[in-house]
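What follows is a short report on a single structure.
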Amino acid sequence: MEKQLLYCAVLEDDGTIISVNTSRKDCEEFVMDYFGINPNKTYTDPSEFIGFTKIEYSEFEDELEGYYIFSNGTEKTRVNLFTKILNEKP
């Protein structure tokens, strides 16, 4: 059985899945674009990217790799980045 690593970006507030991708870079680019951060596009109300915090250890069973923080004025939004392993049949 072949295993595939997936990156899942999930809004912490309501659990909405923003992106699931096999590439962390592609997942991150989608999340940035979701919040209006893309140098190749113009947005009317882009958020500010505060940063990414990598989790070195998680006591939870899920694979929380870290989280992004975005700010849109006074409101901050956290997006959790999980890694999941998908088992595929040959």
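Applying 0.36 nm per residue to the separation of residue 17 and residue 41 and subtracting their alpha-carbon distance, the gain on full extension is 6.4 nm. When the charge dipole of the chain is built from unit charges on Cβ atoms (+1 for Lys and Arg, -1 for Asp and Glu) and taken about the Cα centre, the candidate among 69, 5, 53 whose Cα reaches farthest toward its positive end is 5. Calculation over all alpha carbon pairs of the chain in 5 angstrom steps from 0 returns a P(r) of 3, 13, 21, 24, 18, 10, 6, 3, 1, 0 percent. With neighbour counts taken as other beta-carbon atoms within 10 Å, the residues 79, 20 rank, fewest first, as 20, 79.
Test of understanding: given the chain, find the longest segment containing no GluC sites (Glu not before Pro) that are in a DSSP loop and have at most 11 other Cβ atoms within 10 Å. Within the chain, the longest run free of exposed GluC sites (Glu not before Pro) spans 1-55. For the pair residue 49 and residue 2, label points projected 7 Å from Cα toward Cβ lie 3.1 nm apart. Taken one residue at a time, the phi angles of region 11-27 give Karplus couplings (6.51, -1.76, 1.60, θ = phi - 60°) of 5, 5, 4, 10, x, 5, 7, 8, 7, 10, 8, 8, 10, 5, 4, 5, 5 Hz. Gly and Pro are set to x. The lysine pair count for region 2-88, using Cα distances under 25 Å and pairs eight or more places apart or on different chains, is 10. Going from the fewest other Cβ atoms within 10 Å to the most, the residues 52, 35 appear in the order 52, 35. Where nothing but the Cβ of Lys and Arg (+1) and of Asp and Glu (-1) is charged, how large is the charge dipole of region 2-88 around its Cα centre, in debye to the nearest 20? Roughly 280 debye, rounded to the nearest 20.
The numbers here are math on the coordinates, done by the rules we state, and not lab data. Here the structure is a predicted model, which means the values were calculated and not measured. We place every Cβ from the backbone using ideal geometry, glycine too, and count neighbours over all the protein chains shown.
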